[in-house]
1. Kindly evaluate Leu277 against the criterion of being more than 22 Å from Ser354 (Cβ to Cβ) and under 18 Å from the mean Cα position of the chain (by Cα).
2. Name the one entry in Leu301, Leu272, Leu266, Leu288 that is assigned to a loop (DSSP other than H, G, I, E, B) and either under 22 Å from Ile180 (Cα atoms) or without any contact (Cβ under 8 Å) to a residue 60 or more places away in the chain (or both).
3. For the list (1) closer than 23 Å to Arg196 by Cα; (2) part of a helix (DSSP H, G or I), I need the number of the one condition that Gln352 fails.
4. Does Asn49 qualify as being in contact (Cβ under 8 Å) with a residue 12 or more places away in the chain and not acidic (Asp, Glu)?
5. Does any residue in the stretch 192-206 that is under 15 Å from Leu251 (Cα atoms) come within less than 7 Å, Cβ to Cβ, of a residue that is crowded, with 16+ Cβ neighbours inside 10 Å and among the hydroxyl-bearing types (Ser, Thr, Tyr) six or more places away or on a different chain, and which pairs are these?
6. Would you mind telling me which numbered condition in (1) under 21 Å from the mean Cα position of the chain (by Cα); (2) surrounded by fewer than 18 Cβ atoms within 10 Å (Cβ to Cβ); (3) in a loop (DSSP other than H, G, I, E, B) Lys247 fails?
7. Restrict the check to the stretch 318-327 and report whether at least one residue is at pLDDT 95 or above, crowded, with 24+ Cβ neighbours inside 10 Å and assigned to a loop (DSSP other than H, G, I, E, B).
8. Show the residue pairs meeting these rules: Cβ distance below 9 Å; 6+ apart or different chains; first residue within the stretch 1-27 and within 20 Å of Ile57 (Cα to Cα); second residue modelled with pLDDT under 95 and part of a strand (DSSP E or B).
Amino acid sequence: MDSISVLIVDDSVLMRNLVGRIIENTPGLEIADKAMNGMFALEKIPKCNPDVIVLDIEMPVMNGLEFLKERKKRGIDIPVIMLSSIAKEGSRVTMECLELGAADFVTKPSGSDSPDIGNVAQRLVELIIGYGTKYALVHKNRHVSVPFPVIGDKNKTSGLLSKVEKKFAPVTPVRANGKIEIIAIGISTGGPNALREVFSKIDPNLEQPIVVVQHMPAGFTEEFARSLNQICPLEVREAKEGDIVKKGRILIAPGNKHIVVERKPLATVVHLTDDDLCNGHRPSADVLFKSVAEQFQNRALGVIMTGMGRDGAAQITEMRKQGAYTLGQDENSSIVYGMPKVAFEMGGVQKQVSLSDMANEISTLARLHAV
């Protein structure tokens, strides 16, 4: 079975070696080559033909932004995963990289003895496997199946895609679908660009508010929401404690905070919590979906999209049981068909939808069943 090949681009010898060791220690991954800046990377791409590029932002001669601009000019479509700093300026530049066509990003560890090295390594491997597998299949007609190693939390799912151990019976809702008062979206690997596509095409007259859980580290979601706000006809903002859930507004859960909704007599508001990780995540799609199922029952729309693992699957199934409408992203358009696959097999997804059709499907359902 072919391996996923990775081109590492970073001016730091330490970082090139650190990322290289992560790749070499992961079955099914291999180093295609290494480059110390974007110019050398452009020279090496035709020779090593990688499936994924791991790219630093700050480099001499040609930095990450300049590389992405030149990549676009040359029509290079190999997915790029950015190595980003956590600083405020780092989050802004990272979002600019996504706008220029980068696929996703991972925060840089401070070194091989960094306390977060395990989490960073796991996240990087997840992204490489997700994007590399999709690229190899679509662009090289290669079928790659790579086991997803558990580096940190032993309770996390092993295997590239979560597997449902038994087939669940179709869900029979306890009540009929009602009017849609709120839309909840859960998404992970592949999410940044998927949300850019959905929200750029969403109905500008949408009556229902949207609350989103995108697995993303703290320090990036505010800038992520701001970048989405620039291309979306609706207001997009990072959620704050007590924010009102209202028409024309999309709230993005902050990194490292769970988000839940509460219906009050005069308005619906969101609450942010530091509760324990759920399915290995904070924020967790299951936490959001659970609160929507409890507070809105059949008067909601749940959407589960591309992502590794099973976060969101159990509670979007509960939403469906309560009578809510539910959508899941289909396999062909998902970077990783994990979360929506598990939800579909549990009976929690009424309809599977391609990414290109998702905005229209959400908008049409919301319009037909507006209050």
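The values are calculated or read from the model by the stated rules, or taken from the named source; none is laboratory data. What you are looking at is a predicted structure, and each value in this text was computed from that prediction instead of being measured. Using ideal geometry, Cβ is built from the backbone for each residue, glycine included, and neighbour counts are taken over all protein chains shown.
1. It is true that Leu277 is more than 22 Å from Ser354 (Cβ to Cβ) and under 18 Å from the mean Cα position of the chain (by Cα).
2. Leu266
3. The failed condition is (2).
4. So Asn49 passes the test.
5. From the stretch 192-206, the pairs are Ile202/Ser363; Leu206/Ser363.
6. (1)
7. yes
8. Filtered contacts from the stretch 1-27: Val9/Leu83; Asp10/Leu83; Met15/Leu83; Val19/Leu83.
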